[in-house]
Amino acid sequence: MAAPKKAQTTSTSDAAAGSGTAPADVSASFVVVANRLPVDRVQHPDGTVDWRTSPGGLVTALEPVMRKNEGAWVGWHGAPDEVLDPFEEDGITIVPVPLSSQEVAEYYEGFSNATLWPLYHDVVAPPEFHREWWDAYVRVNRRFAERAAAVSDEGATVWVQDYQLQLVPQMLRTMRPDLRIGFFLHIPFPPVELFQQLPWRREITEGLLGSDLIGFQLPGAVQNFTRLVRQRVSAEVRRDLVTLPDGHVARAKAYPISIDSRGFRELARSAPVRERAREIRRDLGDPEVMFLGVDRLDYTKGIKQRLRAYGELVAEGRLDPDKVVFVQVATPSRERVDQYRHLRDEIDMLVGRINGEVGRIGRPPVVYLHSSFPREEMAALYSTADVMVVTPLRDGMNLVAKEYVACHEGDEGALVLSEFAGAAYELKQAYKINPYDINDIKATLELACRDAPTNKARRLRALRKQVFDNDITRWADTFLSDLDQKVTG
Ligand code: GDG
């Protein structure tokens, strides 16, 4: 593997003109293809640019595989209208894929986040269907597939990630039948009755079936997918194996994703994070109970529902505003998509109403933070919060629930978790709620505060065992070893 050390900007406009080929000196036997690269740009005061690996779970899990196998990561670097040469960062060859501003609007904000995202999350917001968004999705998927084809060694393993790139497996298999192709969907796969609204349902299904192994978060998603294939594709389906007319066999299986559990625990145990946790508690006025919500600001996460439930409990005197506080971190997300802008306004208003009606000087019942924080701050919040509140209307997994369990030591925490989060499938001892039932959320928030310490301790211990026995490394190893095994129909 050979790649230039520094990122080079070769053009600042007309990114879409990128040919899809990568320089001949990049070749890898393990290739990850994802919408975003695992690096963030750092701009120095003297104008020079550096890149730093972003500390996401996926990168952590794949780093050892990357190093052992001369790995490359194909993805967009986050800035439109800019073409960058491949470069090496922390032992990973980074292969940037250019996107024009219009493609960001149509492929990313449009088809990925205003069509597929709501459609795959139980249409909790209405999906929009636009033919020009679809055209951009096809064009950009082809560019990603071409880049991956250009940097993959003979017989390499390629792992494609998520809903933005569902056409890549089939495109890549046509270009490079020698490759072993895996795909993992991080979000739910909807029931056929919803999926079939999509005008391009056939193309997406066939795109996925180009994979040798299609990974979903839960067995329910595998069932939705195989049922769809049975109904709409001329293929033979036997249990989780789909055999296409040309003899290609695709396997569908569930791999619930997890986190770097030990990494989070170590961070939470570090002296600065412990000190910061104490400081947060003091700054909040040493409440008896601190509730915590941490989410991207997204309408699937049920932020309004949980705040409404909490606000009612305080207004009805079932929770004492002198003794409790709800800290809600909502990380800015997809702010150019209309539905996200509306949601932000709605939450601003709801928080304002709760604080205005039941707050007192120096004691707002809701502390709302619309910004993103370093991992250390997240670990400090998780380790000190008494009740973690995770209430999505639909969620592929929800890593926040697992991060709380990994960071929160001792016997006194509680996890309130929606039945509609993938995490509920594994975290069975959480306090479960139906996020559509405000009374259920209210009763469960109260129970999580007041339950007997022995019950809380027993639940937390069981959750901890689950999260430490099944971490992200195990997830990646299981997927990759299954992908390695050739299956025949
Ligand atoms: C998708 C699926 C699936 C959030 N704010 C900050 C911050 N975060 C981190 C959390 C967590 C991650 O972002 C969010 O992960 P989730 O799983 O909760 O949700 P999505 O972003 O919707 O992820 C989901 C996941 O993919 C993986 O497959 O579980 O179902 O929707 O790690 O900690 N991190 C930092 N500052 C913040 O302000 N540092």
Item to check | Criterion violated by V222 - all others in (1) within 16 Å of the ligand (Cβ to nearest atom); (2) more than 24 Å from A406 (Cα to Cα); (3) surrounded by fewer than 20 Cβ atoms within 10 Å (Cβ to Cβ) satisfied | outcome: (3)
Checklist entry - Of everything in the stretch 329-362 that's part of a loop (DSSP other than H, G, I, E, B) and within 16 Å of the ligand (Cβ to nearest atom), which residue is most open to solvent (accessible area, probe 1.4 Å)? => result E335
Next on the checklist: If a residue must be open to solvent by 20 Å² or more (accessible area, probe 1.4 Å), in a helix (DSSP H, G or I) and farther than 27 Å from S481 by Cα, how many such residues does the stretch 66-117 contain?
Outcome noted: 6
Next on the checklist: Among the residues of the stretch 435-442, are any touching a strand residue (DSSP E or B) at 6+ places or on another chain (Cβ under 7 Å), modelled with pLDDT of 95 or more, more than 24 Å from G215 (Cβ to Cβ) and crowded, with 18+ Cβ neighbours inside 10 Å?
Outcome noted: yes
Checklist entry - Are any residues in the stretch 406-423 buried (at least 24 other Cβ atoms within 10 Å of the Cβ) and more than 16 Å from the ligand (Cβ to nearest atom), and if so, which ones? => result G413, A414
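Please pick out the residue among N470, N455 that is among the polar types (S, T, N, Q) and under 28 Å from H186 (Cβ atoms).
Working: N455 fails: under 28 Å from H186 (Cβ atoms).
The conditions single out N470.
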Checklist entry - Mind checking which residues of the stretch 299-323 are under 31 Å from the mean Cα position of the chain (by Cα) and of a type in the set (D, E)? => result E312
Checklist entry - Within the stretch 458-468, can you find the residues that are open to solvent by 10 Å² or more (accessible area, probe 1.4 Å) and out of contact with any Leu (no Cβ under 7 Å at 6 or more places or on another chain)? => result R458, R459, R461, A462, R464, K465, F468
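Select from the stretch 368-392 the residues that are away from the ligand (no atom under 11 Å from the Cβ) and open to solvent by less than 40 Å² (accessible area, probe 1.4 Å) and list them in ascending order. If you could, list the steps in order and put the result at the bottom.
Filtering the stretch 368-392 for residues away from the ligand (no atom under 11 Å from the Cβ) gives 368, 380, 383-389, 391.
A380, S383, T384, A385, D386, V387, M388, V389, T391 - these are the residues of the stretch 368-392 that are away from the ligand (no atom under 11 Å from the Cβ) and open to solvent by less than 40 Å² (accessible area, probe 1.4 Å).
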Item to check | Out of R306, R262, sole residue that is farther than 28 Å from H370 by Cβ and within 16 Å of the ligand (Cβ to nearest atom) | outcome: R262
Next on the checklist: From the list E403, E426, E446, exactly one residue is open to solvent by less than 40 Å² (accessible area, probe 1.4 Å), at pLDDT 95 or above and more than 16 Å from the ligand (Cβ to nearest atom). Which is it?
Outcome noted: E446
Item to check | Matching option when the condition is in contact with a Leu (Cβ under 9 Å, 6 or more places away or on another chain), open to solvent by 10 Å² or more (accessible area, probe 1.4 Å) and in the same structural domain as M378 (by TED's automatic domain parsing), among K253, K301 | outcome: K301
Checklist entry - If we scan the stretch 171-192, do we find a residue that is in contact with a Phe, Trp or Tyr (Cβ under 7 Å, 6 or more places away or on another chain) and more than 16 Å from the ligand (Cβ to nearest atom)? => result no
Item to check | Neighbours by Cβ (under 8 Å, 6+ apart or cross-chain): first from the stretch 455-470, outside the structural domain of A430 (by TED's automatic domain parsing); second open to solvent by 50 Å² or more (accessible area, probe 1.4 Å) and aliphatic (A, V, I, L, M) | outcome: none
Checklist entry - Looking at the stretch 279-298, which of its residues are of a type in the set (A, V, I, L, M) and either under 29 Å from the mean Cα position of the chain (by Cα) or buried (at least 18 other Cβ atoms within 10 Å of the Cβ) (or both)? => result I280, V289, M290, L292, V294, L297
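The values are calculated or read from the model by the stated rules, or taken from the named source; none is laboratory data. From a predicted model like this one, the values you see are computed outputs, not experimental measurements. All Cβ positions, even for glycine, are placed from backbone atoms using ideal geometry, and neighbour counts span all protein chains on display. The accessibility values were calculated without ligands, DNA or RNA, using every heavy atom of the protein model including side chains. Shrake-Rupley method; radii C 1.70, N 1.55, O 1.52, S 1.80 Å.
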